[in-house]
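The values are calculated or read from the model by the stated rules, or taken from the named source; none is laboratory data. Fair warning: this is a prediction, and the values are worked out from it, not measured in the lab. Because the Cβ atoms are built from the backbone with ideal geometry, glycine has one as well, and the counts that use them run over all protein chains shown.
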Amino acid sequence: MNASRIEQLKEDAARPQSFSLGEFIRRRPESITFFLLVAICVAVAVANPAFLQPATLIDIGRASVVMGLFALGVFIILAAGGIDVSFTAIAAFTMYSLTVLVQSYLPGIPIAVILIMAIVGGALLGVINGLLVHHLNVPSLIVTIGTQYLFRGFLLSFIGTVWIMSLPPQMGAFGRMPLFQFESANGAVITLPFYFLVLPIAAVATWWILNRTLMGRAIFAVGGNAQIASRLGYNLKTIHIFLFGYAGALAGLAGIIHVCANRQANPFDLVGTEINVIAAVVLGGARITGGTGTVLGTILGVLLIVVINSVLVMVGIPSTWQRLVVGSFILLAAAFFVTRQRKK
Amino acid sequence: MQRTSGQLAMLAAINILLLIVGAAISGGSFLSIFNLQSMASQLPEIGLLAIGVMLAMCAGNGGIDLSGIALANMSGVLSAVIVSSFLSSGENDLAFSLAFIVVALAIGFSGGLINGILIARLNITPILCTLGTQMAFTGLAVVVSGGRAVMVGSPDLLSRIGNDMLLAVPISFLIFIVVAAVIAAALKYTPYGLWLMLMGTNPKAAIYAGFPKNGVLMATYAISGTLSGLAGVIIAARNVNVKFDYGSSYLLIAILIVVMAGVKPEGGYGRVVCVVLSAVALQLMSSLLNFGGLSNFVRDFAWGLLLLTFLAVGRYDVVGFVFPGNRRRVDTGVKPSSTGT
């Protein structure tokens, strides 16, 4: 990654005049995601001007928090050449057992402690993933399919299957706490919730880890070629544990935010949305074989998926088409990026 | 070869053990003809999907087919919608059944071929491609059916496939065994089987050796897709309706069966007979858990645990530990000489 960046800088210095669009796209695949996002937004805004109302935009922002947190975790694992499908089960496990715990044993603890517990709980489950992936030495897809069923089966058979409709008050209050509030033209009060801030913070933290720490360099090195990375002296075990632990922590946080935002804890929730999240990361330009991708691209990919999901109805396409559209987008994006690489 | 027979012996031992445990727990009713028949008729759907996953995995290079159950459901739903638009199941049973089967198989084949073309020609990673097609197939089934269950009914031939016995063996189970035998033979006696396994062992060497790489990949995914189509037919035959979200945990179970059968996730080795035996073992376990009155969730938990256990078995050579005579060969499993059969 870094080596190629230096090359790019050199190229830039060598021929600042000869700017070509193809070169730009190859270097920054997320620009395609951005153009696509803008194109869809413009098209929808023309078809249905209601789209540009602040209420819709804030809805999109709200909807992208949980998915964005998941996507950052998936992205960091993807960058290292792995894949994770157990994060939704980790989130469901953490959110539900934590809600039960707070409700029945620790009713008074402050929300900050709850959030920290969610992060730690998710990280612990993630570390289990990391240890298994490292020691079993099989593709992480297969391992995490196993742990997905393990975590979810454990949750549903030993912890509970009952919907919790009335949350502990401090969690409900956190979900409602406004970042800012204003009144729209038709008199309805529109709120951007406080928890929205979590996404940019997590994104910046992830960017910092990937681009400013030795761990980030190690992650991209492993994604490029795990064998060479380990011969260079990177400790694969540490990296695997960190990766999956970090993704687990993000998933735990996403789970508890999901509960607070929806004001109910449903143990059957979240599992089943993995493909959407992986699609978002891939649409953001990260290659599934690892070694590439940016945080910005991931966030753009998330926005793209959230926008597609929420505008289909707005332009008059029935919501039954959602999966087909997202599935085709994945295939198109994959085919597009692959042909781009080959031209190079 | 010895590694193979170790795996086979272990699977056979597991099956026998499960039958004995089942008989002991249930006081004999586990081994009643009725129960055996009902277990055998539940097996084919998942067994066919598992063979598809195995083929994709054997191709190596991260090969896997995640779109199996989605394609099976899409074949069933699309075929039901298409065929009932010009034939009604009440009037002409035979024609309806035949048309349904042919259309479902054709859809399964073309779905698999799409996977194959995307993976072989466009070079898309199999995980990503089949994730995308999984979603697209499910999506198409939702669009066509409007998200509702589609009525197939029980026309004569189709319901016979789903429910009748031949010499006290369910017909669907016989179909499964025949198909498995054909694929096993194809893997063992045709150049295709050799190419597939050698390609999984070392893709680069396979290209330099002049193997028709694209052809083998496309054939592999097309076969896997056709098996999904067949699974779709059997699902439709056993249940009166077809729906886009049938069998949501089949993907895990298919992978579990394949891993239990000792197929190597990195490609190059797998045997159909092991997959069949491992599918049987899983069905026995599933019925045992049912007999024990445990919920579906406990079963999911058990499957996850089992998958991880068997991955550990493959990693730490427990087979060689249980059957010490086979230890010598295990590490050389990647050699082409020990992979073909």
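Return the only residue of A:Ala203, A:Ala218 being part of a helix (DSSP H, G or I) and more than 20 Å from the chain's Cα centre (by Cα).
The conditions single out A:Ala218.
Across region A:302-326, the number of residues qualifying as of a type outside the set (A, V, I, L, M, F, W, C), at the interface with chain B (Cβ under 7 Å from one of its Cβ atoms) and farther than 21 Å from A:Ala71 by Cβ comes to 1.
This table checks each residue for (1) of a type in the set (Ser, Thr, Tyr); (2) under 21 Å from A:Ile278 (Cα atoms); (3) outside any helix (DSSP H, G or I).
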position: A:Ser31; (1), (2), (3): yes, yes, no
position: A:Phe35; (1), (2), (3): no, yes, no
position: A:Val42; (1), (2), (3): no, no, no
position: A:Ile58; (1), (2), (3): no, no, no
position: A:Ala71; (1), (2), (3): no, yes, no
position: A:Ile77; (1), (2), (3): no, yes, no
position: A:Ile83; (1), (2), (3): no, yes, yes
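Picking from residues in region A:268-301 that are of a type in the set (A, V, I, L, M) and more than 21 Å from A:Phe220 (Cα to Cα), the one that is nearest to the other protein chains (Cβ to nearest Cβ) is A:Ile275.
Within region A:135-157, residues that are in a loop (DSSP other than H, G, I, E, B) sit with their Cβ atoms under 7 Å from residues that are among the small types (Gly, Ala, Ser), at 6+ positions apart or across chains, in these pairs: A:Pro139/B:Gly62. Set side by side, the residues A:Pro178, A:Pro193, A:Pro200 differ, and just one is touching a Lys or Arg at 6+ places or on another chain (Cβ under 8 Å) and not charged (D, E, K, R), which is A:Pro193. Across region B:229-252, the number of residues qualifying as surrounded by fewer than 24 Cβ atoms within 10 Å (Cβ to Cβ) and part of a helix (DSSP H, G or I) comes to 4. Only one of the numbered conditions (1) in a helix (DSSP H, G or I); (2) within 14 Å of chain A (Cβ to nearest Cβ); (3) among the charged types (D, E, K, R) is violated by B:Arg160, and that is (2). Within region B:98-152, being at the interface with chain A (Cβ under 10 Å from one of its Cβ atoms), polar (S, T, N, Q) and surrounded by fewer than 24 Cβ atoms within 10 Å (Cβ to Cβ) holds for B:Asn123, B:Thr125, B:Thr138, B:Ser145. Just one of the numbered conditions (1) over 15 Å from A:Val85 (Cβ atoms); (2) more than 7 Å from every other protein chain (Cβ to nearest Cβ) is not true of A:Phe151: (1).
Taking B:Ser286 as the residue in question, decide whether it is hydroxyl-bearing (Ser, Thr, Tyr), under 19 Å from B:Gly52 (Cβ atoms) and at pLDDT below 85. Full working, then the answer.
Details: hydroxyl-bearing (Ser, Thr, Tyr): yes; under 19 Å from B:Gly52 (Cβ atoms): no; at pLDDT below 85: yes.
No: the conditions fail for B:Ser286.
The set of residues in region B:83-97 that are of a type in the set (A, V, I, L, M) and buried (at least 17 other Cβ atoms within 10 Å of the Cβ) comprises B:Val83, B:Leu87.
Among the residues of region B:34-48, is there at least one that is assigned to a loop (DSSP other than H, G, I, E, B) and among the small types (Gly, Ala, Ser)? Taking every residue of region B:34-48 in turn, none turns out to be assigned to a loop (DSSP other than H, G, I, E, B) and among the small types (Gly, Ala, Ser). Can you spot a residue in region B:216-228 that is over 15 Å from B:Gly52 (Cα atoms) and either within 19 Å of the chain's Cα centre (by Cα) or surrounded by fewer than 21 Cβ atoms within 10 Å (Cβ to Cβ) (or both)? No, region B:216-228 contains no residue that is over 15 Å from B:Gly52 (Cα atoms) and either within 19 Å of the chain's Cα centre (by Cα) or surrounded by fewer than 21 Cβ atoms within 10 Å (Cβ to Cβ) (or both).
Only one of A:Val143, A:Val133 is within 14 Å of another protein chain (Cβ to nearest Cβ), more than 21 Å from B:Ser248 (Cα to Cα), modelled with pLDDT of 85 or more and crowded, with 23+ Cβ neighbours inside 10 Å; which?
Values: A:Val143 fails: more than 21 Å from B:Ser248 (Cα to Cα).
Residue meeting the stated conditions: A:Val133.
Pairs linking a residue in region B:284-296 that is over 20 Å from B:Leu36 (Cβ atoms) to a residue that is surrounded by 13 or more Cβ atoms within 10 Å (Cβ to Cβ), with Cβ atoms under 7 Å and 6 or more positions apart or on different chains, are B:Ser295/A:Ser157.
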